[in-house]
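Below: one structure, written as structure tokens.
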Amino acid sequence: MQKLNLPHYKFKLKSNENKTFIFDNLRKKYMVLTPEEWVRQHFVQFLIEEKNYPPTLIAIEKQVVVNNLKKRSDILVFDKEGNPDIIVECKAPKIKITQATFDQIARYNSKLNANFLIVTNGLTHFYCKMDFKKETYVFLKEIPNYS
């Protein structure tokens, strides 16, 4: 798999029937190792190990209903009260991050009302803080540490 613009982490990998799987510590099962899953697993570890977010506050592929359609957020981080705090949208490294990617995460956030939005393809990361009064977001250099 491609080297990402994130710290290197050790993952449990296994192969079966010409497919590679990566162990997801949060879901407690092996997942097919796609380029997007590679980015997701790295970003989860980044949140836990570098930014000190408790694993118990992180959900993967949480269902969100938007315009009567069932969607899934890649990573959803909750605050201490159980409210959505951060939504992370992961793309494969070869996928260019465009306005459509931000539109997608903004649609999810219209239901979730998280404080922070992150869009990453593992190589480029965009961190945004919501400004609910102005109905927009402000770009940040990085996401704050858990406190």
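Against the numbered list (1) assigned to a strand (DSSP E or B); (2) out of contact with any Leu (no Cβ under 6 Å at 6 or more places or on another chain); (3) open to solvent by 70 Å² or more (accessible area, probe 1.4 Å); (4) of a type outside the set (Gly, Ala, Ser), LYS62 comes up short only at (2).
Condition check for ILE143 on (1) assigned to a strand (DSSP E or B); (2) surrounded by 15 or more Cβ atoms within 10 Å (Cβ to Cβ): one failure, at (1). For region 1-46, filtered to residues that are hydrophobic (A, V, I, L, M, F, W, C) and farther than 23 Å from LYS94 by Cβ, the residue that is least open to solvent (accessible area, probe 1.4 Å) is PHE23.
With the condition kept exactly as written, say whether any residue in region 114-134 is among the hydroxyl-bearing types (Ser, Thr, Tyr) and not in a loop (DSSP other than H, G, I, E, B).
Within region 114-134 (the criterion being among the hydroxyl-bearing types (Ser, Thr, Tyr) and not in a loop (DSSP other than H, G, I, E, B)), the answer is yes, since at least one residue qualifies.
Filtered by the rule that a residue be of a type in the set (Phe, Trp, Tyr) and at pLDDT 90 or above, region 96-147 gives PHE116, PHE126, TYR127, PHE139, TYR146.
One residue stands out among those in region 1-43 that are in a helix (DSSP H, G or I) and among the hydrophobic types (A, V, I, L, M, F, W, C): the one that is farthest from the chain's Cα centre (by Cα), which is TRP38.
The values are calculated or read from the model by the stated rules, or taken from the named source; none is laboratory data. Being a predicted model, the structure only gives us computed values, none of them experimental. Methodologically, a virtual Cβ is constructed for each residue, glycine included, from the backbone with ideal geometry; neighbour enumeration extends over all protein chains shown. Surface areas here come from the heavy atoms of the whole protein model, side chains and all, with no ligands, DNA or RNA. Shrake-Rupley method; radii C 1.70, N 1.55, O 1.52, S 1.80 Å.
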